[in-house]
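What follows is calculated from the coordinates using simple rules that are stated; it is not laboratory data. Treat the numbers as computed from the prediction; the structure is a model and nothing was measured. Here Cβ is always computed from backbone atoms with ideal geometry, including for glycine, and neighbour counts include all displayed protein chains.
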Amino acid sequence: MKALILAAGKGTRISHLTQNCPKPMLPVGEKPLLAHLVHWLHSHHITEIAINLHYAPDAIINYFGDGSAYGVALTYSYEAQLLGTAGAAKQLEHFLNETFVVIYGDVYTNLNLTRLTNFHAARKTLGQAPALTLALYQVPNPTECGLVELDATNRVTRFVEKPPADQVFTNLANAGIMVCEPEILKVVPRNTAFDFGHNVLPRLLAIDAPIFGQAIADHEFLIDIGTPAGYQRAQQKAQTHSTAAAHSTTGLAIL
């Protein structure tokens, strides 16, 4: 299994922090968010990773190199003009030639990715052959997210990207992490700005392609660092984890 980290955006909602730094390279705790994501993928045995680039690409390339120092192999994909979340994947169609994970590069998470990929694979065993599986979470701000409706089998029956307040039907939202089959890229045009939320998911639903969703567990977190409030929450969460790890290490040393 391979992965694509979407890291091309500048981060206009927190532009005071990203004037000289791409958003995924903002520090969360003691290292850039992107380093957390690479480590997270590696911990779930995904070591072939593509990263799309646009704004300040050298900051990412100079930090990670070929990825070997982090136990992964990195493929970079530069976009002279932003291609959108799905357009970025289309440009990497030659690389994404097997089941692959897409994660938005502004997400700080401890999601059990293996649980999500196993859920996706199990749908194949059941003969449901999912085109795509979304990680889902409960949000307090449903007008700012892609909202998802599920049936009793966890199949997505409805998806609306950032609906107006009078059209909100749930607070269950796309978490910005998905497991995809390479065939979905057939609905994405080449060299065109195209988005998973605005374009791909509606197209797949229109042709009745199987899309499934799995909610994150209660002990898991997912934080969008793309707003000042979200970035602050991520820093607080990283501090909490760092403190817990330090206490755990101290306890083991005493034992």
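Tabulated data
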item: Aspartates and glutamates with Cα under 18 Å of Lys10, excluding same-chain neighbours fewer than 8 positions away; result: Asp58, Glu79, Asp106, Asp195, Asp224
item: Of all DSSP beta bridges in the chain, antiparallel share, percent nearest 5; result: 50
item: Total formal charge among the other residues, if their Cβ is under 13 angstrom from that of Leu34, Lys/Arg +1 and Asp/Glu -1; result: +1
item: Local net charge near Ala8, Cβ-Cβ under 13 Å (Lys/Arg +1, Asp/Glu -1); result: -1
item: Burial ordering of Met178, Met1, fewest other beta-carbon atoms within 10 Å first; result: Met1, Met178
item: Net charge over other residues, Cβ less than 12 angstrom from the Cβ of Ala173 (K, R count +1; D, E count -1); result: -3
item: Rg over Rh, two decimals, the range 21-92 (C-alpha only, Kirkwood Rh); result: 0.95
item: Volume per residue of the C-alpha convex hull in the range 111-242, rounded to whole Å³; result: 138
item: Quarter of the Cα convex hull surface for the range 2-254, i.e. its orientation-mean projected area (nm²); result: 14.6
item: Calculated Rg and Dmax of the range 1-122 using C-alpha coordinates, Å; result: 13.8, 44
item: Estimated dipole of the chain in Debye, rounded to 20 [Cβ of Lys and Arg +1, of Asp and Glu -1, Cα centre]; result: 40
item: Expected 222 nm ellipticity per residue - DSSP helices of 4 or more, -39500 (n - 2.57), all of the chain, to 500; result: -9000 deg cm²/dmol
